[in-house]
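Written below as structure tokens is the structure these notes are about.
The values are calculated or read from the model by the stated rules, or taken from the named source; none is laboratory data. The shown structure was predicted, so the numbers you read here are calculated from the model rather than taken from an experiment. Neighbour counts run over all protein chains shown; Cβ positions are idealised from the backbone, glycine included. When the accessible area is computed, the model is the full protein with side chains, heavy atoms only, and any ligands, DNA or RNA have been set aside. Shrake-Rupley method; radii C 1.70, N 1.55, O 1.52, S 1.80 Å.
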Amino acid sequence: MKKNIFFLLFLLVQVGSLLASDPEAVVLLQSVKKKYDLVSDYSARARLVTNVLFIKAPVSQVTVYYRKPDQLLVKNEKGISFIPKGTVHINMNNVLGLTNFEAVLSGTETVDGVSCKVVKVFPLSEEESITRATLYIDPVQLVVRRSVVSTKENGTYSIRMKYGTYTWCGLPSVVEMEFNTRDYKLPKGTTLDYDNGTRKATGLPQKGKVLIQYQEYSLNKGLPASLFR
Amino acid sequence: MMFFDVLRIELFKVFRRPRTFIAFGAIAMIILLIQFALKVNGNEFILFFTDSQTDTFEIPFAGILNGYFVCVAVLHIILVHVPLLVALIAGDMIAGEANSGTLRMLATKPVTRTELVLAKFAASAVYVILLLLWMALFALVGSLLLFGANDLVVFKETDLHIISHTDVVWRFVAAFFFAALALIMIAALSILLSVFAENSLGPIVATVCIVIIFTILQQLKVPVFEQTINPWSFTTHMLGWKGFFYVDKTADGITIPGSIENPIALVKSGLILIGYTAAFVGTAIGAYRKKDILS
């Protein structure tokens, strides 16, 4: 009996150590967060390209607003853009700002020719909208070059980031986000479409892409909270 | 008597009748009602088209509900019913004269029967163009004043097109021009039916019935009709005005400014409508020239 209890305790300790955060992963995340913390808010002019199977949209000129810790707004001031709800995840503070989580280092992978450490993050709080995130961190520049974020309600977002002038504070110059979309179909006869012989491509994956090319950042000027309401 | 003199007389007759202005009044009223409904409940209208995407995208309701969008919505609702208003005038052109006993007197005038039918057709065409200009004034100018301008979102059954506001105005001009082509064809059909009738009610009702039957055939989407009747049905091609609001895109999904999804289909539709118009007017002339005028 005594032997069994010891074995059970040993097993619990082992499982606990497996679930606990990898210290190297935590240190790496903290170093990256420190860099991102240099920016408390920004507004940036950007070019937005939407590539969704059922949307035909022109390239838009948008303004991206960010306010610490997790407020992000993409606004098309002069036109119409269908902005994916998951755009909020291009802000890495959504993951780096988590307080109750487990992080595991899971090897090395190359992203855009740069060797990155792969860190898997599992939020422990039930209230978080993120269920898990995988960050591909450049250990030299201390920036996230790729992230795959799974959410409770809106599926998975895969985000790739390229850096330029603002690498020092972790702000990307180009963000490419891939996300799941639902099929778009209205009941027959509702729109009385003109049949011009064009047929919709079928069998293609229901994935959407959004490309944001940042043109000019304005950092730490102070943005009002009312902007994000 | 010159052709233009006859046309002038025909136009005088058209615009002297109070019923001509029923159409103008009805169109203004319908457009104002639609604009009011969209002003009050526009978001619900947009939600009907975007409901399946509200989980994935932020829907820019305020941006979508602009003057261009409202104008397309108005045209979508109203252009289905305008053939009735056109038939009301064109169907009366010859049958109305027969009914009131003036057709025989008209035939004694120094003008050929061909010229007479052509003048009546031209007068109907002028009426159609004026009706469309009136519609443009209320639907486009009125909506822009009420809702402002922005990019145009066009909802189709399987996709949606966003057209930059800088690339929209010429599309409306082209769409109104195409709609005129379609409605002039309806006028030609009404005049043809009018040749065979002794009172105007018959050709008016017959024209509307023909349009309804072919529209239903088109909307049933039955494969056998889709392959046989629909490609040649004039109701299929009458919707061609919408084709100017379908844009083409690059492989990356970006709309090409100034593009049309399938311009060849639009040219084909235009030619088919012109062909129908010529056939109806030609047949009307042939029938009227041989007609034994007894009334």
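Residues satisfying the criterion are absent from segment A:73-84 (criterion: among the acidic types (Asp, Glu), away from chain B (no Cβ under 14 Å) and either open to solvent by 10 Å² or more (accessible area, probe 1.4 Å) or more than 16 Å from residue B:57 (Cα to Cα) (or both)).
Filtered by the rule that a residue be surrounded by fewer than 21 Cβ atoms within 10 Å (Cβ to Cβ) and more than 7 Å from chain B (Cβ to nearest Cβ), segment A:51-61 gives A:53, A:61. In this structure, does residue B:293 turn out to be in contact (Cβ under 8 Å) with a residue 24 or more places away in the chain and either under 23 Å from residue B:193 (Cβ atoms) or more than 23 Å from the chain's Cα centre (by Cα) (or both)? For residue B:293, the condition - in contact (Cβ under 8 Å) with a residue 24 or more places away in the chain and either under 23 Å from residue B:193 (Cβ atoms) or more than 23 Å from the chain's Cα centre (by Cα) (or both) - is met. Kindly provide the set of residues from segment B:216-230 that are of a type outside the set (A, V, I, L, M, F, W, C), more than 8 Å from chain A (Cβ to nearest Cβ) and more than 13 Å from residue A:194 (Cβ to Cβ), ordered by number. The answer is B:223, B:226, B:227, B:228. Taken over segment A:185-227, the residue count meeting the criterion of being at pLDDT 85 or above, of a type outside the set (Lys, Arg) and farther than 27 Å from residue B:179 by Cβ is 18.
Condition test on residue B:173, is it more than 30 Å from residue B:289 (Cα to Cα), surrounded by fewer than 18 Cβ atoms within 10 Å (Cβ to Cβ), more than 14 Å from the chain's Cα centre (by Cα) and not hydroxyl-bearing (Ser, Thr, Tyr)? Spelling it out, it is not the case that residue B:173 is more than 30 Å from residue B:289 (Cα to Cα), surrounded by fewer than 18 Cβ atoms within 10 Å (Cβ to Cβ), more than 14 Å from the chain's Cα centre (by Cα) and not hydroxyl-bearing (Ser, Thr, Tyr).
Looking at B:7, B:33, B:65, B:75, just one residue is over 19 Å from the mean Cα position of the chain (by Cα) and within 14 Å of chain A (Cβ to nearest Cβ), and that residue is B:65. Scanning segment B:118-141 for residues that are in contact (Cβ under 8 Å) with a residue 60 or more places away in the chain and open to solvent by less than 20 Å² (accessible area, probe 1.4 Å) yields a total of 9. Listed by position, the helices (runs of 4 or more DSSP H) contained in segment B:2-84 that have at least 2 residues being surrounded by fewer than 14 Cβ atoms within 10 Å (Cβ to Cβ) are B:3-16, B:18-50. When segment B:148-158 is filtered for residues that are assigned to a loop (DSSP other than H, G, I, E, B) and either more than 7 Å from every other protein chain (Cβ to nearest Cβ) or closer than 15 Å to residue A:81 by Cα (or both), the ones remaining, listed by number, are B:148, B:149, B:150, B:151. Filter segment A:159-172 down to residues that are surrounded by 18 or more Cβ atoms within 10 Å (Cβ to Cβ) and either touching a Cys at 6+ places or on another chain (Cβ under 9 Å) or assigned to a strand (DSSP E or B) (or both) and give me whichever is farthest from the other protein chains (Cβ to nearest Cβ). It comes out as A:163. Restricting segment A:92-103 to residues that are outside any helix (DSSP H, G or I) and crowded, with 23+ Cβ neighbours inside 10 Å leaves a set whose member that is nearest to the other protein chains (Cβ to nearest Cβ) is A:92.
Condition first: open to solvent by less than 60 Å² (accessible area, probe 1.4 Å) and within 14 Å of chain A (Cβ to nearest Cβ). Can you find one or more residues in segment B:274-284 that meet it? Checked segment B:274-284: no residue is open to solvent by less than 60 Å² (accessible area, probe 1.4 Å) and within 14 Å of chain A (Cβ to nearest Cβ). Is one or more of the residues making up segment B:88-95 open to solvent by 30 Å² or more (accessible area, probe 1.4 Å), within 22 Å of residue B:149 (Cα to Cα) and touching a residue at least 40 places away in the same chain (Cβ under 8 Å)? Looking for residues that are open to solvent by 30 Å² or more (accessible area, probe 1.4 Å), within 22 Å of residue B:149 (Cα to Cα) and touching a residue at least 40 places away in the same chain (Cβ under 8 Å), one finds none in segment B:88-95, hence no. I'd like to check something: does segment A:176-187 contain any residue that is surrounded by 15 or more Cβ atoms within 10 Å (Cβ to Cβ), of a type in the set (S, T, N, Q) and more than 12 Å from chain B (Cβ to nearest Cβ)? Scanning segment A:176-187 turns up no residue that is surrounded by 15 or more Cβ atoms within 10 Å (Cβ to Cβ), of a type in the set (S, T, N, Q) and more than 12 Å from chain B (Cβ to nearest Cβ). Set side by side, the residues B:264, B:204 differ, and just one is part of a helix (DSSP H, G or I), away from every other protein chain (no Cβ under 12 Å), of a type outside the set (Asp, Glu) and at negative phi, which is B:204.
Show the residue pairs meeting these rules: Cβ distance below 7 Å; 6+ apart or different chains; first residue within segment B:104-117 and of a type in the set (Asp, Glu); second residue not in a loop (DSSP other than H, G, I, E, B). From residues that are of a type in the set (Asp, Glu), the pairs are B:115/B:3; B:115/B:6. Taking the criterion of being more than 14 Å from every other protein chain (Cβ to nearest Cβ), of a type in the set (Lys, Arg) and more than 24 Å from residue A:52 (Cα to Cα), would at least one residue in segment A:202-221 satisfy it? Yes, some residue in segment A:202-221 is more than 14 Å from every other protein chain (Cβ to nearest Cβ), of a type in the set (Lys, Arg) and more than 24 Å from residue A:52 (Cα to Cα).
Each residue in segment B:245-261 was checked for being more than 9 Å from chain A (Cβ to nearest Cβ), open to solvent by less than 20 Å² (accessible area, probe 1.4 Å) and on the phi > 0 side of the Ramachandran plot, and 0 pass. When segment B:207-238 is filtered for residues that are assigned to a helix (DSSP H, G or I) and either in contact with a strand residue (DSSP E or B) (Cβ under 9 Å, 6 or more places away or on another chain) or in contact (Cβ under 8 Å) with a residue 40 or more places away in the chain (or both), the ones remaining, listed by number, are B:207, B:208, B:211, B:215, B:234, B:237, B:238. The test for being surrounded by 19 or more Cβ atoms within 10 Å (Cβ to Cβ) and of a type in the set (S, T, N, Q) does not hold for residue A:40. The condition of being of a type in the set (Asp, Glu), touching a residue at least 40 places away in the same chain (Cβ under 8 Å) and open to solvent by 70 Å² or more (accessible area, probe 1.4 Å) holds for residue A:112. Consider segment B:167-184 and keep the residues that are within 19 Å of residue A:55 (Cβ to Cβ) and not in a loop (DSSP other than H, G, I, E, B). The one that is nearest to the other protein chains (Cβ to nearest Cβ) is B:167.
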